[in-house]
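Derivation of every value follows stated rules applied to the coordinates shown; laboratory data play no part. On a predicted model such as this, the values are computed, not experimentally measured, just so you know. FYI the Cβ positions are ideal-geometry reconstructions off the backbone, even for glycines, and counts take in every protein chain you see.
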Amino acid sequence: MVRTRTEIPPSAAGPRGWLRRVHAALAVATAVSAAAVAAPAAAFTVFACEPEWAALARALLPQARVHVATTAQQDPHHIEARPALIAQLRGADLAACTGASLEAGWLPTLQQRAGNPRVQDGAPGMFYAADHVILIDVPQRGAAALATPFAGDVHAEGNPHLHADPRRLLEAARALAAQVQALQPAQAGAVGERLARLESRLQARIGDWERRAAPLRGRAVAVQHGSLAYLWRWLGLVPVADLEPVPGMAPTPGHLQRVLQALRPKPPLAIVVARHQDPRPGRWLAAQLGGSVPLLVLPATVPDDSAPDAIEDWFEQMLQALLKAAGG
């Protein structure tokens, strides 16, 4: 006998079969409801262009999921828009970047390909630290207008590496906290408390660092690029030579010879290059100066943004290296 669609199997017929179906349906509904209640809400996700902003995001919102696009071993001007970064930005609630065209070579591509409206320029989830502090080394209007691909990493807005001054870093932290509070109103109070603790801690350390850095004021340094220009200005150090012929261009033999001739009469305290840069030109220059000038290879940003005191540890590391070079 062929069963038609309207027939009910004998096992399901009668009151007991009907009750079994009801009980099964209720059990499924209860399980789905329980799973929904037990499932945690998606974590607030931050995409940080550089480690310093990742460290700040972790300090302000420790429960957030944080992705970092770059490390201290990389030049933040030149990053490949990899598929992994696109996927991370696509899922971000907030993107924290430097701005001032530092990421102009790769961030717009990420934004376009990620297609995340929350982190497009002008959106509440897009944060640029440079919009909230006064930048140094702003080129004159004529120089900015003449900027070409042959001029190197020239930023019309000014030097973007503001995080190397802890006072400006604090200004950026206050602005970032306000943006996080607007996006996460339920966490506004907790974020404000964490910001207050960070400010108190950093202000105390700034006073200590400035006191200890007194022997460095007025001392000369030879540098490579303006990655630490804010640090020099804050501590009173004077960059007297740049190993790069133009910003972002690798040192050339002819330029290094000119730098050597300029430094020989009065050697600097140290030759400083960033960890992501090739140390060989600086090493050659130190050797030509007779070995009396140390070569310092310093991280241009926090080496480990997940460390509890990442920002303080980074400034302490740099100050210790400079004081050691000065014999302090």
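For Val46, Val223, the sequence from fewest to most other C-beta atoms within 10 Å is Val223, Val46. Shown is the FRET efficiency for Val138 and Val246, computed with R0 = 22 Å from the Cβ-Cβ distance and rounded to the nearest 0.05: 0.80. Computed over the range 214-325, the P(r) curve from all C-alpha pair distances, binned at 10 Å from the origin, holds 14, 48, 31, 7, 1 percent per bin. Placing a label point 7 Å from the Cα of Gln63 along the Cα-to-Cβ direction, the residues of the range 157-194 whose backbone N falls under 19 Å of that point are 177-194. Across the range 159-171, computed HN-Hα scalar couplings (Karplus, 6.51 cos²θ - 1.76 cosθ + 1.60, θ = phi - 60°) run 5, x, 7, 5, 5, 7, 10, x, 5, 5, 4, 5, 4 Hz from first to last residue, x flagging Gly and Pro.
Pairs of alpha carbons in the range 45-210 separated by more than 21 Å make up 49% of all such pairs.
The modelled label-to-label distance for the pair Ala196/Gln317, using points 7 Å beyond Cα in the direction of Cβ, is 3.2 nm. By other beta-carbon atoms within 10 Å, ranking Lys324, Lys266 with the fewest at the front produces Lys266, Lys324.
Cβ crowding within 10 Å ranks Ser200, Ser227 as Ser200, Ser227, fewest other Cβ atoms first.
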